[in-house]
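What follows is a single structure, written as structure tokens, with notes after it.
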Amino acid sequence: MLLSKVGNTLADFFLPRLCLCCNSKLHSSQRVICDSCFSQIEITSDERIKYEFDRKFSEEKIIDGFVSPFVFEEDGNLQVLLHELKYKKRFRVGNILGVFLGELNADKIESWNIDYIIPIPLHKLKKADRGYNQSDHIGKSLARYLDKACLTKSVKRKKFTQSQTKLNIQERKTNIEGAFKIKRTKNIRGKNILILDDVITTGATVTELGKVLKENGANKVYACSVALAG
Ligand SMILES: [Zn+2]
């Protein structure tokens, strides 16, 4: 910790780190985003989580619990961070988002006794195009925070799906159906799994993966995302 602080201070002297949202100079203790920009991101209330769980997951009874620390806002600071991670290879954004997720939700996640974290996989063509799966970076960081393992090769996305942003809930469900395949069943059978996505909107994607995990013997399946939309 101390070493990383000294490292940050030294690095700042030569190459000041800037807030990704407003470009102001960061202090040595700040990471990626300044306090002022961070304070503009809305933290999800417990009531909102309960309401969204009922809306998105209670009917299908696949997802056993769900957390999401931040509310997604169009053109908001969190969208800036997610965009930098997703399209500009800013992997330290993934690290910090994983830490935020841990800091804000560790109590609840620890009460679930999870064995593994599984980030939503990308189709290999999309991964080849982007070069990486942004959710793997968040998942690995959250796993370090919780002292758990993050599995990035146990599930495959076999169906190439178009962007879901313009689809309604029923269209999203159809679009994602049959998209996932388990590659390593021994990591799934009898385990409690936490699925991680960057943003959860209708919940159709995590529900579909949860369904496949349970069909392959998973005990409990939980879901988390950095941001909650819709
Ligand atoms: Zn800022």
Sort out which residues of region 209-230 are crowded, with 21+ Cβ neighbours inside 10 Å and in a helix (DSSP H, G or I), and write them in order of number.
Leu209, Gly210, Leu213
Can you spot a residue in region 30-40 that is open to solvent by less than 20 Å² (accessible area, probe 1.4 Å) and either closer than 30 Å to Ile188 by Cα or of a type in the set (Phe, Trp, Tyr) (or both)?
no
Scan of region 13-32 for residues that are more than 24 Å from the chain's Cα centre (by Cα) and within 11 Å of the ligand (Cβ to nearest atom), ordered by number
Asn23, Ser24, Lys25, Leu26
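Quick grid of which residues meet (1) of a type outside the set (Val, Ile, Thr); (2) open to solvent by less than 100 Å² (accessible area, probe 1.4 Å); (3) at pLDDT below 95; (4) within 11 Å of the ligand (Cβ to nearest atom):
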position: Thr9; (1), (2), (3), (4): no, yes, yes, no
position: Glu42; (1), (2), (3), (4): yes, no, no, no
position: Glu47; (1), (2), (3), (4): yes, no, no, no
position: Phe53; (1), (2), (3), (4): yes, yes, no, no
Only one of Phe160, Phe180 is in contact (Cβ under 8 Å) with a residue 40 or more places away in the chain and either closer than 19 Å to His123 by Cα or among the hydrophobic types (A, V, I, L, M, F, W, C) (or both). Can you tell me which?
Phe180
Just checking, which of Leu104, Leu167 is hydrophobic (A, V, I, L, M, F, W, C), farther than 19 Å from Val221 by Cβ and either open to solvent by 60 Å² or more (accessible area, probe 1.4 Å) or in a helix (DSSP H, G or I) (or both)?
Leu104
Identify all residues within region 170-186 that are in a helix (DSSP H, G or I) and either open to solvent by less than 50 Å² (accessible area, probe 1.4 Å) or not assigned by TED's automatic domain parsing to the domain that holds Leu125 (or both); write none if there are none.
Arg172, Asn175, Ile176, Thr185
Among the residues of region 29-51, what is the count of those that are more than 21 Å from Val80 (Cα to Cα) and either part of a loop (DSSP other than H, G, I, E, B) or in contact with a strand residue (DSSP E or B) (Cβ under 6 Å, 6 or more places away or on another chain) (or both)?
1
Filter region 187-202 for residues that are more than 15 Å from Asn133 (Cβ to Cβ) and not hydrophobic (A, V, I, L, M, F, W, C); which is surrounded by the fewest Cβ atoms within 10 Å (Cβ to Cβ)?
Gly190
Which pairs turn up if I take residues in region 92-119 that are not assigned by TED's automatic domain parsing to the domain that holds Val71 and look for partners that are open to solvent by 10 Å² or more (accessible area, probe 1.4 Å) with beta carbon separation below 9 Å, at least 6 apart in sequence or on another chain?
none
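The values are calculated or read from the model by the stated rules, or taken from the named source; none is laboratory data. Remember, predicted model here, so these are calculated numbers, not experimental data. Because the Cβ atoms are built from the backbone with ideal geometry, glycine has one as well, and the counts that use them run over all protein chains shown. Each accessible area value is taken on the protein alone, full model and side chains, heavy atoms only, with ligands, DNA and RNA left out. Shrake-Rupley method; radii C 1.70, N 1.55, O 1.52, S 1.80 Å.
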